[in-house]
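Undergrad: Following this message is one structure expressed as structure tokens.
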Amino acid sequence: MNKKIEIADKSYWIGYVDDRKVPFHRLILEKGTTYNSYLLMTERPTIIDTVDIEFGRQYVENLSEIIDLKEIRYVVINHVEPDHAGALPALASKATNAVIVTTELGAQELKQMFKLHNRQFLIIKDGDTLDIGGKTLKFFETPYLHTEETMVTYCVEDKTLYPCDQFSTHIAVKEIFNDLAAEEYLEDFKVYYQLIMHPHRPYVQNMLAKIKNLDIDMIAPSHGYILRSDAAAFIAAYDELSQPKANEKRALILFSTMTGNTTKIAKLIGEALEEKAIEHRIINTKNANIEDIKEAIMDADVIFFGTSTRYADMVGNMEEILKELEAMHIEDKLAVPFGSYGWSGEGIEIIYDYLKRAGMTVVDSSFLIKSTGMNQFQIPIRVKFTPDEEEAARIGQTVAAIGELLLA
Ligand code: FEO
């Protein structure tokens, strides 16, 4: 383990290079990775992020040869996943005077994960600053990049952004700085972006708006190269990669209703698609002939199938349409069941069964959580009677995530 590498005046990389093939998010990182941690050796010494939980003991031993751990005043946690916050319990047990600096949600999660209820936390709000004695840190909340509690840290004097996972690359770099890179890494940088950040690209745009006016000379992320050469180009790359693309994807909302409540859900789905600029059609199946509906299905990339439930079954001619699907060979299309109900909502579940039987990719909560890393969804979209404000918001979030998936 390297003891420390100076990255700016009195600022050091103190991370760990993991040159194994690393299992990560159901992938194998063929080129390994690094867990970058930083020490700012100011009057109030500050750590920014730690390393993977597996290397916690080694990390703390290494750090204890650099600094008396009791002198550490702050430990900034930008993101609580165990590859960055994992060494916090080992560190906190020795750095007994350190205050943990993180977002409100980050603090809740760290307390739960690591039983840190008795530690002092400093809760960060967007734009807060912290004087660490000789350097000033500024913090920005960047939710969903790529988990909800995430923030980034900027050191004013060093003109350095510490964005944790953002702007990272999975390579077990020995050279640490991108200008010393022995081989091409831009493709790896983009692959990392596509895998981890792209599903959340509206949030990437929000983050870029927050850092836009910062004077950034260097980006020191938590995996891979420290981008001290041409930091602006990497910010521009994130901007370009996360721009909403001219949209060629189409959605179709088919529904059959009894009293109009399922119509309201169909309209909410349409509004959320509108927000994502996804072209869509809404068809009440009662008013359309089956051949037109089949044509509309063939033309769409995602189809929402909705029904009210009456006597534990679907209503109207929805079943007639669903029976056609298997022979249409539309396995490449996404499908989402929805509907209003009064008691158990069996109609929606029967739609689900038909869609599965037709071999379509039925979007359910499990599928969406695994595809987006977000978790506030409920699919099938089920509403008891009529959607209230809270349910409307939930439907909006769910459809927005499906839209993101479609556009990714
Ligand atoms: Fe590198 Fe989200 O952990």
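The values are calculated or read from the model by the stated rules, or taken from the named source; none is laboratory data. Predicted, not measured: the structure shown is a model, and the values here were computed from it. Using ideal geometry, Cβ is built from the backbone for each residue, glycine included, and neighbour counts are taken over all protein chains shown. Calculation scope for accessible area: heavy atoms of the full protein, side chains included, ligands and nucleic acids excluded. Shrake-Rupley method; radii C 1.70, N 1.55, O 1.52, S 1.80 Å.
Undergrad: Go through Gly224, Leu116, Ala300 and say which Cα lies farthest out towards the positive end of the charge dipole of the chain; charges sit on Cβ, +1 for Lys and Arg, -1 for Asp and Glu.
TA: So the residue furthest toward the plus end is Leu116.
Undergrad: Same structure again: Taking square-rooted eigenvalues a ≥ b ≥ c of the alpha carbon gyration tensor, is segment 123-202 rounded, prolate or oblate, where a/c under 1.5 means rounded and, failing that, a/b exceeding b/c means prolate?
TA: Note, shape of segment 123-202 comes out oblate.
Undergrad: Along segment 32-39, what does the Karplus equation 6.51 cos²θ - 1.76 cosθ + 1.60 (θ = phi - 60°) give for ³J(HN,Hα), rounded to whole Hz, x for Gly and Pro?
TA: Computed from phi, the couplings for segment 32-39 are x, 7, 10, 10, 8, 10, 9, 10 Hz.
Undergrad: Quick one: Kirkwood hydrodynamic radius for segment 1-86, alpha-carbon pairs, angstrom, one decimal?
TA: 13.3 Å
Undergrad: On to the next question. When the chain is modelled as a GNM with alpha-carbon springs shorter than 10 Å, which of Phe24, Phe385, Phe234 fluctuates the most?
TA: Fluctuation is largest for Phe24.
Undergrad: Tell me, what % of the accessible area of the chain is carbon and sulfur with a 1.4 angstrom probe?
TA: Summing carbon and sulfur atoms, their accessible area is 48 percent of the total for the chain.
Undergrad: Under 20 °C and 1.002 mPa s, how fast does segment 261-316 diffuse according to Stokes-Einstein, given a Kirkwood radius computed over C-alpha pairs? Answer in µm²/s, whole number.
TA: 171 µm²/s
Undergrad: Still on this structure: For segment 5-242, with every protein chain kept in place, what is the accessible area per residue (1.4 Å probe, Å²)?
TA: For segment 5-242, the per-residue accessible area is 41 Å².
Undergrad: Please say if segment 5-242 is rounded, prolate or oblate, where rounded means a/c under 1.5 for a ≥ b ≥ c the square roots of the C-alpha gyration tensor eigenvalues, and otherwise the choice is prolate for a/b larger than b/c and oblate otherwise?
TA: rounded
Undergrad: Taking K and R as +1 and D and E as -1, what net charge do the other residues with C-beta under 12 Å from the C-beta of Glu30 add up to?
TA: +1
Undergrad: Something else about it: Using 7 Å Cα-to-Cβ label points, what is the Asp332/Ser366 separation (nm, one decimal)?
TA: 2.6 nm
Undergrad: Taking only Cα atoms of segment 165-287, what ratio of Rg to Rh do you get with Rh as the Kirkwood inverse-distance radius?
TA: 1.21
Undergrad: Which listed residue (Gly373, Ala400, Leu325) has the Cα farthest towards the positive end of the charge dipole for segment 316-408, taking +1 on Lys and Arg C-beta and -1 on Asp and Glu C-beta about the Cα centre?
TA: So the residue we want is Gly373.
Undergrad: Give, rounded to the nearest 20 debye, the magnitude of the charge dipole that the chain has about its Cα centre when Lys and Arg contribute +1 at Cβ and Asp and Glu contribute -1 at Cβ.
TA: 800 debye
Undergrad: Still on this structure, please answer the following. Over 22 Å between Cα atoms, which of Lys323/Lys370; Lys125/Lys212; Lys125/Lys245; Lys115/Lys138 qualify?
TA: With Cα atoms farther than 22 Å apart: Lys323/Lys370; Lys125/Lys245; Lys115/Lys138.
Undergrad: While we're looking at this one, here's another question. When all alpha-carbon pairs of the chain are counted, what percent fall beyond 34 Å?
TA: Percent of Cα pairs beyond 34 Å in the chain: 40.
Undergrad: Follow-up. Please compute the net charge surrounding Asp19, taking Lys and Arg as +1 and Asp and Glu as -1 over other residues with Cβ under 10 Å from its Cβ.
TA: Spelling it out: positives minus negatives among the neighbours equals +3.
Undergrad: For a quick check of your reading of the filter: which trypsin sites (Lys or Arg not before Pro) in segment 143-247 sit in a DSSP loop and have no more than 15 other Cβ atoms within 10 Å?
TA: Lys159, Lys174, Lys212, Lys245
Undergrad: Could I get the Rg over Rh figure for segment 216-343? Both from C-alpha atoms, Rh via Kirkwood, rounded to two places.
TA: A ratio of 1.23.
Undergrad: Right, something else. Take the alpha carbon atoms of segment 210-275, find their center, do the same for segment 356-387, and report the distance between the two centers in whole angstrom.
TA: Using only Cα atoms to place each centre, the spacing works out to 19 Å.
Undergrad: Decide, for segment 250-407, between rounded, prolate and oblate: order the square roots of the alpha carbon gyration tensor eigenvalues as a ≥ b ≥ c, take rounded if a/c falls under 1.5, and otherwise choose prolate if a/b is larger than b/c, else oblate.
TA: rounded
Undergrad: Next up: Just need the relative contact order of the chain here, percent rounded to a whole number, with Cα pairs under 8 Å and 6+ apart.
TA: 11 percent
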